[in-house]
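See below for the structure under consideration.
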Amino acid sequence: VDRAVRDAAALDAGGVDGVMIENFGDAPFYPDDVPKHTVAATTRAAAAVADATDLPIGVNVLRNDAEAAVAVAATVDAAFVRVNVHTGARVTDQGIVEGRAHETIRLRESLGVDVGVFADTDVKHSAPLTPAGYTAESFADTAERGAADAVIASGPGTSESVDPDALQAVVDERDEHGLGTPVLVG
């Protein structure tokens, strides 16, 4: 908790626009339903960061526990959550991870919170189940059918750059569908 607060203060002083709280130290990750102690610890860290900064806060409960992320975000008045697999399914080191947009969006509605859902379209450290590989069409599924508030395009792994052509394909797909959904680089 102390380290999360120090990191948030340093990022705030450095001029970032927001911070993300996630249980990155929990590897190997649970695929989609983390233990209750993980939710409690993430909530504690997020609450401490929220008390220490006025920056918008996001919550990501790895690997893909979107319900826990929304619950934590609602508790600490976070601005957004990140969902690694919001729609579709991906092969990961945790096995096949399936999106549950239907549950995430309905939970947000039932809690009555204004928490943005930022969802990956081709999440890092995973592969698609279809032979076509990365497709910009997944943007439309995530934004339209999954009701995501923003879509994240990321590189193949942590700290690896996004392929500029793949990023452009996502932006082109968004524009082709006439969507105003923001595209973020993860």
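Using the structure shown, decide if ALA48 is more than 21 Å from ARG100 (Cα to Cα), of a type in the set (Gly, Ala, Ser), more than 16 Å from the chain's Cα centre (by Cα) and open to solvent by less than 30 Å² (accessible area, probe 1.4 Å). Walk me through it before giving the result.
Working: more than 21 Å from ARG100 (Cα to Cα): yes; of a type in the set (Gly, Ala, Ser): yes; more than 16 Å from the chain's Cα centre (by Cα): yes; open to solvent by less than 30 Å² (accessible area, probe 1.4 Å): yes.
When the stated conditions are applied, ALA48 passes them.
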Legend entry - Among (1) at pLDDT 85 or above; (2) in contact with a Phe, Trp or Tyr (Cβ under 9 Å, 6 or more places away or on another chain); (3) open to solvent by less than 40 Å² (accessible area, probe 1.4 Å) - the single one SER126 does not satisfy: (2)
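Given the structure, is HIS86 in a loop (DSSP other than H, G, I, E, B) and closer than 21 Å to LEU129 by Cβ?
Against the criterion (in a loop (DSSP other than H, G, I, E, B) and closer than 21 Å to LEU129 by Cβ), HIS86 qualifies.
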Inset, instruction - For the stretch 150-170, indicate whether the set of residues that are open to solvent by less than 60 Å² (accessible area, probe 1.4 Å), under 14 Å from the mean Cα position of the chain (by Cα), modelled with pLDDT under 90 and closer than 17 Å to THR87 by Cα is non-empty. - result: yes
Legend entry - Scan of the stretch 10-35 for residues that are surrounded by 18 or more Cβ atoms within 10 Å (Cβ to Cβ) and assigned to a loop (DSSP other than H, G, I, E, B), ordered by number: ASN23, PHE29, PRO31, ASP32, VAL34
Legend entry - Odd one out for GLY178, checked against (1) free of Cβ contacts under 8 Å to residues at least 40 places away in the same chain; (2) within 19 Å of MET20 (Cβ to Cβ); (3) among the small types (Gly, Ala, Ser); (4) out of contact with any Leu (no Cβ under 6 Å at 6 or more places or on another chain): (2)
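Residue check: is ASP120 charged (D, E, K, R), surrounded by 18 or more Cβ atoms within 10 Å (Cβ to Cβ), modelled with pLDDT of 90 or more and under 16 Å from HIS86 (Cα atoms)?
Working: charged (D, E, K, R): yes; surrounded by 18 or more Cβ atoms within 10 Å (Cβ to Cβ): yes; modelled with pLDDT of 90 or more: yes; under 16 Å from HIS86 (Cα atoms): yes.
Spelling it out, ASP120 is indeed charged (D, E, K, R), surrounded by 18 or more Cβ atoms within 10 Å (Cβ to Cβ), modelled with pLDDT of 90 or more and under 16 Å from HIS86 (Cα atoms).
The values are calculated or read from the model by the stated rules, or taken from the named source; none is laboratory data. Predicted model only: the values in this text are computed from it and were never measured. Methodologically, a virtual Cβ is constructed for each residue, glycine included, from the backbone with ideal geometry; neighbour enumeration extends over all protein chains shown. Areas reflect the complete protein model, heavy atoms only, side chains present, ligands, DNA and RNA absent. Shrake-Rupley method; radii C 1.70, N 1.55, O 1.52, S 1.80 Å.
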